[in-house]
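> First the structure, which I've put down as structure tokens, then a few questions once you've had a look.
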Amino acid sequence: MTDPLIKLNAIALPTLLPRLDLPLAPKIAIQACTSVPEALAALEAGGFLIEAARLTAHALPKREAGWWACMCAAHTAPPDLPEPDRAAREAAEVWVRQQADAPRRLAMERAQASEFGTPEAWAGVAAFWSGDSMAPEGQAPVPPAPHLTGTAVAGAVALSAVRGDVSRRNARLKRFLESGRNIAAGGPGRMPPEDP
């Protein structure tokens, strides 16, 4: 039988844990876990939804994590989303589809234009930090640290969860985690736009 959440096992759980900076209670909740899917289930069962989202952001492969950031941002985006934010998310989605340097750099340009204050901007940053170099084009490569993509994705997901009506946070995080599991299983992870 194949693992339905195979894409969550790309990085071993012990490698991911230092990246998560978990508070004591969620750390205790997963101390006996040996795999990412097991830890994810334990965090969700304990009600540690933001920590479960952070784990998912760091565990998914970079491409899938970036897509998840875009899906979460799109789900809670208001109908009147400012154009710089829409452009940042669209550029990140292009990077997910093409995996090339030009769209990756465009995603960062669009994130900068959006002033880094929205989920869409952080989806763009995640795309940029998923590449081979953070240096300007034509300069010696400066590889991003391995945890940076997950950090940006976690930021996009957290901002998406509290956009507008903060009281929707937990319900949104539950939907986001379902989307993340769908992506981990090879699905598209799409969610319809949230009802106003």
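> Output the residue which, of all residues in segment 154-177 that are within 13 Å of the chain's Cα centre (by Cα) and not small (Gly, Ala, Ser), is surrounded by the most Cβ atoms within 10 Å (Cβ to Cβ).
Checking each candidate, the answer is VAL157.
> I'm checking my understanding of the structure. Among residues of segment 127-145 that are in contact with a Lys or Arg (Cβ under 8 Å, 6 or more places away or on another chain) and under 16 Å from ALA57 (Cα atoms), which one is surrounded by the fewest Cβ atoms within 10 Å (Cβ to Cβ)?
Taking the candidates together, the pick is SER130.
> Please state which one of TRP68, TRP95 is more than 22 Å from PRO196 (Cα to Cα) and aromatic (Phe, Trp, Tyr).
TRP95
> Can you find even one residue in segment 29-43 that is in contact (Cβ under 8 Å) with a residue 24 or more places away in the chain, under 30 Å from PRO196 (Cα atoms) and of a type outside the set (Phe, Trp, Tyr)?
Yes, the conditions are met somewhere in segment 29-43.
> Another question, if that's okay. Restricting attention to segment 77-90, which residues are crowded, with 24+ Cβ neighbours inside 10 Å and out of contact with any Phe, Trp or Tyr (no Cβ under 9 Å at 6 or more places or on another chain)?
ASP85, ARG89, listed by residue number.
> Now a separate question. Hey, any hits in segment 114-136 for a residue that's more than 22 Å from PRO79 (Cβ to Cβ), aliphatic (A, V, I, L, M) and more than 16 Å from the chain's Cα centre (by Cα)?
yes
> Residues of segment 5-23 being surrounded by 12 or more Cβ atoms within 10 Å (Cβ to Cβ) and either of a type in the set (A, V, I, L, M, F, W, C) or assigned to a loop (DSSP other than H, G, I, E, B) (or both), which ones?
Selection gives LEU5, ILE6, LEU8, ALA10, ILE11, ALA12, LEU13, LEU16, LEU17, LEU20, LEU22.
> Step by step: first the residues of segment 24-38, then only those that are assigned to a helix (DSSP H, G or I) and not aliphatic (A, V, I, L, M), then the one that is surrounded by the most Cβ atoms within 10 Å (Cβ to Cβ). Which residue is that?
Within segment 24-38, the match that is surrounded by the most Cβ atoms within 10 Å (Cβ to Cβ) is PRO26.
> If I ask for residues that are hydrophobic (A, V, I, L, M, F, W, C) and without any contact (Cβ under 8 Å) to a residue 60 or more places away in the chain, which ones from segment 71-105 would you list?
Correct list: LEU81, ALA87, ALA88, ALA91, ALA92, VAL94, TRP95, VAL96, ALA100, ALA102.
> Next question. Could you list, in sequence order, all residues of segment 41-76 that are buried (at least 24 other Cβ atoms within 10 Å of the Cβ) and not in a helix (DSSP H, G or I)?
LEU60
> Name the one entry in PRO119, PRO82, PRO26 that is in contact with a Lys or Arg (Cβ under 9 Å, 6 or more places away or on another chain) and modelled with pLDDT of 95 or more.
PRO119
> Residues in segment 40-50: is at least one within 26 Å of GLY131 (Cβ to Cβ) and under 19 Å from the mean Cα position of the chain (by Cα)?
No, segment 40-50 contains no residue that is within 26 Å of GLY131 (Cβ to Cβ) and under 19 Å from the mean Cα position of the chain (by Cα).
The values are calculated or read from the model by the stated rules, or taken from the named source; none is laboratory data. Since we're looking at a predicted model, the values are computed, not measured. Neighbour counts are summed over all protein chains in view; Cβ atoms, including those assigned to glycine, are modelled from backbone coordinates with ideal geometry.
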